[in-house]
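Take a look at the structure set out below.
The values are calculated or read from the model by the stated rules, or taken from the named source; none is laboratory data. This one's a predicted model, so the numbers in the text were calculated from it and none came from an experiment. Neighbour counts run over all protein chains shown; Cβ positions are idealised from the backbone, glycine included. We work out accessible area using only protein heavy atoms, side chains counted, and drop any ligands, DNA or RNA first. Shrake-Rupley method; radii C 1.70, N 1.55, O 1.52, S 1.80 Å.
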Amino acid sequence: MKLKLLSLIISANLLTACSQTSALSGSESASEPANQQTISAAKKEKSAKVVDEKYIWDLTDLYASDEQWQQNHSKTKGEIDKLKALQGSLGKNAQSLLIASNEISAVYKDAVRLLVYATLKADENLKVAENEERRQLAKALLSDLSAAVSWYSPEILAIGEKKIRQFLKQEPRLKVHQHSLENTLRNSPHTLSQEVEAVLAKTGKLTSAPNSIYSVLANANLPWPEITLSTGETQLLNQAGYSKLRQASSREDRQKVFETFWGTWKDYEATLGSILNSHIQGLVFHTQVRNHETSVSRALFGDNMPETVYRTLIKEVNDALPTLHRYFKLRKRMLNIEDDMRYFDIYPPLVELDKTYSIEDSITITRRALKPLGSEFLAAYDKGVEGRWMHVYPQEGKRSGAYMFGAAYDIHPYVLLNHNDDFQSASTFAHEYGHAVHSVLSNKTQPWETAGYATFIAETASIMNEMLLEDMVISEAQTDQEKLYYLGIGLEALRGTFFRQTMFAEFELKINDAAEAGEILTGAKLSEMYLELLKRYHGHDQGVMTIDDAYAMEWAYIPHFYYDFYVFQYATSIAAAAGLAEKIGHGDIHARDAYIDMLKAGGSDYPYDLMKTAGVDMATAEPYRALVKRMNNIMDEMERILAK
């Protein structure tokens, strides 16, 4: 039960961040902080117009008003206080275990629903302090709930596996809790006494502090400079400005953007290093106190994920760096760069395409692309786009990026977008509705207790949608220029989601290893470690790309380093999705049905096992090498077109 709550907290905090942008749109899903309260002139123009209410989500499905939310918050708080009375009752008989587990589970569901509403309401306008306060109250409630039931797992373990299994046989209604109970038994070596568990539960507010401090500093307090471009235009170079201006066609402007932006971060290197060090030391504390050998093994233990998956990914990506370097050489050729390729040359599009995609276009083309997934998937998709599940357009103060939040079990998923009528927006839309349909299918098939799914599976579902869309638009391209555009986007996605996220994962492994060895992670030390990886991945020593030392500060820009071994799942997911999408796109009914069954399974089994049942073993080299082959095939096709 404790692990169930932890997974819900993770979902609550990360499903809102894991899909900042689409994986295949050319933007890196794990590299864009959730800030950016300034929006472009084009977006302001859109937000200034009257928006059809069908493109603004209806939060009254959750609560009729803020006042009703407050009433339910108070009610749930009272229910949490009552849970302590259940302590000591679990071992009496099977019915007592059922009653206690059901009551705790019901409070979980109510607390998470409160968080969903508070999060969505806050993200409509980050400038409204009242809404942010509501979100913090919802998060604090989850922390209080964790503390209130911290006795549950130790009590289950004290009862013993033999008696728990007898209860499961005696009371069929315990089946909804079976996976959680068996998982608790699996955690026996890492579960402490009730007293210690109660203390650890209360440390949640402390160990989450570095992430909160980082978020405030990075998103609200850094003094962003203005930059004057070669056109004479002056723009604020905050995170949103950087995301936009790093794609500038002028190489001189891009260099100026990079030097100015990373110079600002450099001014706070020591402070940012201290914050991240505090976070990592907190992880080491939990690793040691829970008797895990390493932080990575602790982080993967919750999902029962073989560590082989993590290490195989890193090995295979490092072995495949020549393919990444081939891409950089192709990019240099297509951008007509005569001297050294530089880090600021990664982001401008290889090919421009003057084509708009309205939200209606995004809905239509995504549906056509998803036809290979079958009627059940499409029915769930149609329900989502016809209901008021989306907040579509940018508006002043709205959270940037995109996400799906599907944890309100009895309602439906919600999707935040910042649709800007381009193909990237269409791809992002497809991505988020992969998450949304996943939630619909899981919630429809599973009880609340096993409906929540792991990120390891979640990102496969979203990237699957993107890949089907990408393959369709490539096949339907009317000109070589259009085809090159889509191929280039697909190629950049593989760099951003497969190679770059693995570089992040390797950095995360290195800094945790260093902390476990007793090292203090200063800002300068973190920059040194990151620079080594940056140069290796980008072929600096081989003359593929010149990496300036100033760009070592990029580690400070990545919010996901506060999410505890999270980013590797982007890379594993795109590898899994590629293999499945190829089979399903070519009409493999068995592969399609196995994939849909995986989505329906929710969290009823461990994610690695679910993926393996669907036909993909992420502990082997095969899926990663298949993705590298896809990348080489894309470059082969682009070079054939360029040869014309």
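Details
- Surface/4 estimate of mean projected area, convex hull on alpha-carbon atoms of region 317-437, nm²: 11.2 nm²
- Cβ-based net charge around GLY387, under 9 Å, with every Lys or Arg adding one and every Asp or Glu removing one: 0
- Using 0.36 nm per residue and subtracting the Cα-Cα separation, the extra length available between LEU229 and SER193 on full extension is 6.9 nm.
- Direction-averaged projected area, Cα convex hull, region 325-372: 5.5 nm², rounded to one decimal.
- Carbon and sulfur %, accessible surface of the chain computed with the full protein complex present, 1.4 Å: 50 percent
- Just so you know, the Rg over Rh for the chain is 0.95, from Cα atoms, with Rh as the Kirkwood radius.
- Values of log10 I(q)/I(0), in the order q = 0.15, 0.16, 0.18, 0.24 Å⁻¹, for region 508-575 under a Debye, Cα-only, solvent-free model: -0.58, -0.65, -0.81, -1.16
- Translational diffusion coefficient (Stokes-Einstein; Kirkwood radius from C-alpha pairs) of region 64-221 at 25 °C, 0.890 mPa s, in µm²/s: 141 µm²/s
- Anisotropy class of region 229-384 from Cα gyration tensor, a/c 1.5 cut: oblate
- Added length on full extension, which subtracts the Cα-Cα distance from 0.36 nm per residue, ALA64 to ASP588: 184.1 nm
- The mean accessible area for residues of the chain, using a 1.4 Å probe and ignoring ligands and nucleic acids, is 38 Å² per residue.
- Angstrom value of the Kirkwood radius, inverse mean 1/r, which spans all Cα pairs in region 230-298: 15.0 Å
- Placing pseudo-labels 7 Å out from each Cα toward the beta carbon at TYR55 and ASP354 gives an inter-label distance of 2.3 nm.
- Annotation: average projected area of region 391-466 is 5.3 square nanometres, based on the convex hull of Cα atoms across all directions.
- If R0 is taken as 56 Å, the Cβ-Cβ distance between ASP541 and ARG290 corresponds to a FRET efficiency of 0.90.
- Total lysine pairs whose alpha carbons fall under 24 Å of each other in region 492-644 (8 or more apart, or interchain): 10
- Whole-number D in µm² s⁻¹ for region 540-644, Kirkwood Cα-pair radius fed into Stokes-Einstein, 4 °C, 1.567 mPa s: 77 µm²/s
- The fraction of Cα-Cα pairs per 10 angstrom bin, counted from 0 for region 169-274, comes to 11, 25, 18, 13, 15, 13, 5, 1 percent, rounded to whole percents.
- Between region 510-533 and region 256-329, the Cα center-to-center distance that results, in Å: 10 Å
- Label point distance in nm, GLU396-ARG311, each placed 7 Å from Cα along Cα→Cβ: 5.5 nm
- Label positions at LEU642 and ASN93, each projected 7 Å from the Cα along the C-beta direction, are separated by 7.5 nm.
- Distance-filtered residues of region 464-487 - backbone nitrogen under 17 Å, label point 7 angstrom along SER249 Cα→Cβ: 481-482, 485
- Cα-based convex hull volume of region 558-614 per residue, rounded to whole Å³: 91 Å³
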